[in-house]
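The values are calculated or read from the model by the stated rules, or taken from the named source; none is laboratory data. Everything numeric here is computed off the predicted structure, so don't read it as measured data. Note that each Cβ is placed from the backbone with ideal geometry, even for glycine, and that neighbours are counted across all protein chains shown.
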Amino acid sequence: MCLNDANLGEEYIIRDINTEDEELDAFLFSLGCYSGEPITVVSRRRGTCVVSIKDGRYTIDNNLAAAILI
């Protein structure tokens with residue numbers, strides 16, 4: 001299941017990041033977004049979702065959310 005399918009406010013564990021872009025992988029890793037880490041979708045807006053990772057909140061687009069498997 002990808003992050004776009006997650007229920008709001010429910011904590012999930014990241015299983016895999018499915019991107020073909022090494023730079024994007026490095027960026028997500030710097031945010032703390034990698035396999036084994038908990039992630040929560042806080043809200044959704046047009047084309048984006050706000051996620052909570054560790055102590056931060058980040059806005060990511062739906063294409064990126066589709067690459068995060070939970």
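Here are the numbers:
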| item | result |
| --- | --- |
| Some residue of segment 40-52 being among the aliphatic types (A, V, I, L, M) and in contact with an Asp or Glu (Cβ under 6 Å, 6 or more places away or on another chain) | no |
| Failed item in (1) buried (at least 16 other Cβ atoms within 10 Å of the Cβ); (2) in a helix (DSSP H, G or I); (3) not hydrophobic (A, V, I, L, M, F, W, C), with Tyr12 passing the rest | (2) |
| Pair list, Cβ under 7 Å, 6 or more apart: segment 14-28 residue modelled with pLDDT under 95, other residue in a helix (DSSP H, G or I) | Ile17/Asp25; Ile17/Leu28; Ile17/Ala67; Asn18/Ala67; Thr19/Asp25; Thr19/Ala67 |
| Cross-chain or 6+ apart pairs with Cβ under 7 Å, segment 52-70 first and in contact (Cβ under 8 Å) with a residue 24 or more places away in the chain, then surrounded by 12 or more Cβ atoms within 10 Å (Cβ to Cβ) and aromatic (Phe, Trp, Tyr) | Ile70/Tyr12 |
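Conditions (1) outside any strand (DSSP E or B); (2) farther than 12 Å from Leu64 by Cα; (3) of a type in the set (S, T, N, Q), marked per residue:
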site: Asn7; (1), (2), (3): yes, yes, yes
site: Thr19; (1), (2), (3): yes, no, yes
site: Leu24; (1), (2), (3): yes, no, no
site: Phe27; (1), (2), (3): yes, no, no
site: Ser30; (1), (2), (3): yes, yes, yes
site: Cys33; (1), (2), (3): yes, no, no
site: Gly36; (1), (2), (3): yes, yes, no
site: Thr40; (1), (2), (3): no, yes, yes
site: Ser43; (1), (2), (3): no, yes, yes
